[in-house]
Each structure stands twice: as C-alpha cells, then as structure tokens.
There are 2 protein chains.
Amino acid sequence: MRYEWRVLTDAGREWIVDATGATPDALRDLARVQGIVALLISELRLSPVGEPHWHVFPGEAGVTGLVLLAESHVAVHTFPELGLATFNLYCCRPRAPWPWEDRLSQLLGATRVTVREFERGARKEDAE
Amino acid sequence: MRYEWRVLTDAGREWIVDATGATPDALRDLARVQGIVALLISELRLSPVGEPHWHVFPGEAGVTGLVLLAESHVAVHTFPELGLATFNLYCCRPRAPWPWEDRLSQLLGATRVTVREFERGARKEDAE
C-alpha cells in the first residue's frame, strides 16, 4: 500500500534544535540557560502560561526547562558531558524563524547548531 | 559542500506523535488526557520530577500538559476543533516503543496515528 503525507493546516510547526560543541560550564549555568529561553520568548513575542518548570540535575549533570505557552511550549535539556543542548519549540501560531545558530554559538559557545523544522498534525493517508 | 548526519550516542530519542480523527469531547476532557499520560509514564517506567504542569484553555479549546522527567519530558496538546492530539516524548535513555496507535484509538477515538521517531544530538558535518 502506498501512503502520502497530508498536513492539517493550523496545527502548528515545531523546531527541533540540537547545539553541539557547547561549553560544559555554560550548559550547567541555570541562569544562562534561562536567559536564552527568556530571549527566545521575548524576541518571538510568545506568551508563557503559569510558571516555567526548571530543574537542575545533581553533580556534573545539566538542566531542564519546560515552559507552557499560549502558543504551545518550549523545552530545553542540557548535557554538559556531551557538550550538547537540545531545544524544542512547538508553536501553533505562525512565527518567524529564530536565529538559533547565532544565539547558541554566542551564548553557549556551540560550534554546530542543527535546526529541524516540520509541521505538526501530519497524517499518513492512503494514496489514490 | 556536502554534509552528512552524525548522531551522538547517549543523547536520546524523540517520538513525535500526531493523532487525528479524535473525538472533540475526549480532547477537552482533562482527566482523560491526564490518564493517557499517566499510562504512558507507568508502562514505560518513566520518572516524573516535580509536579506536572496542566492547563485547560477556555471555552471550546483543548488542554496542554508538560511533564518533566528524569529521562527528559512528555508534552501533549489537544485541538478539539481539529480532532487532533499531539504528543512529544523525549527520552534520553533507551525505551521500548509504546503502542501509540492502539492506546490513542482506544482512549481518544483517533482514526489515524502517525509516529515520527528520531535521534536527538544529531549534527550536520562536512562529508569527507
């Protein structure tokens, strides 16, 4: 059986961002990671609902942040042992692209930033 | 310039799940959606950190839930006007696949469930 992808409009768009080569100390710095999320929210004029949820993992581990938005959510996890920060931005209303590469190289020392972008609400349907 | 994808091991895996054709009343039923997330957490033996963050949008709109996990996070958004529920499960430690299609057809009346799965920590690198 053949399938094709159909995309439901108005279901939003997700950006999956992985920044590697980042400075481990920056990835453990809660205030710095919170500042990046605050900048993202401010520059894209997103609307947090309630308080963000932040957690600092013990020892040499990283931090996690989850922010519920009127427009869906932002999530960030850092992995200092891998030099890695991963972000999800899911936005059910149109937004311009954010300069992830510039911001994450400047603020986390990331040397590679990959951005994968796709529609939510996609579904496979039988092709005619 | 050519690129290839390199995947950092140990950075985890994400499942992006879109369920369409779901029953609008089920998508507005906070307890039902919370029950699905509780079942996912229980069956995959995931470890919530702190309290989940739930929000019910006003009027005929849907619900959002974000759960911070020791293994990363779960997010769910429902869109009754589209018959749509969207889930993200990001898990930085290995887990078996969850039977998304069976669970979401049974519990939300979804008629199509698409599961996209990919590695986090991927980065584009110059090919040799």
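I'd like to know if region A:33-41 contains one or more residues that are of a type outside the set (A, V, I, L, M, F, W, C) and at pLDDT 95 or above. Within region A:33-41, one or more residues are of a type outside the set (A, V, I, L, M, F, W, C) and at pLDDT 95 or above. The lone criterion from (1) buried (at least 22 other Cβ atoms within 10 Å of the Cβ); (2) touching a helix residue (DSSP H, G or I) at 6+ places or on another chain (Cβ under 9 Å); (3) among the small types (G, A, S) left unmet by A:A75 is number (2). Restricting attention to region A:26-61, the residues that are within 30 Å of A:A11 (Cα to Cα) and facing another protein chain (nearest Cβ under 10 Å) total 7.
Yes/no per residue for (1) more than 10 Å from every other protein chain (Cβ to nearest Cβ); (2) at negative phi; (3) surrounded by 14 or more Cβ atoms within 10 Å (Cβ to Cβ); (4) at pLDDT 95 or above:
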| position | (1), (2), (3), (4) |
| --- | --- |
| A:P97 | yes, yes, no, no |
| A:S105 | yes, yes, yes, yes |
| A:F118 | no, yes, no, no |
| A:A122 | no, yes, yes, no |
| A:A127 | yes, yes, no, no |
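Among the residues of region A:62-89, those identified as within 10 Å of the chain's Cα centre (by Cα) and at the interface with chain B (Cβ under 7 Å from one of its Cβ atoms) are A:L66, A:H73, A:A75, A:H77, A:T86, A:N88. Within region A:12-30, the residues that satisfy the criterion of being more than 16 Å from B:N88 (Cα to Cα) and of a type outside the set (D, E, K, R) are A:A19, A:T20, A:G21, A:A22, A:T23, A:P24, A:A26, A:L27, A:L30.
The values are calculated or read from the model by the stated rules, or taken from the named source; none is laboratory data. Here the structure is a predicted model, which is why all the values come from computation and not from measurement. Cβ sites come from the backbone with ideal geometry, for glycine too, and all protein chains shown count toward neighbours.
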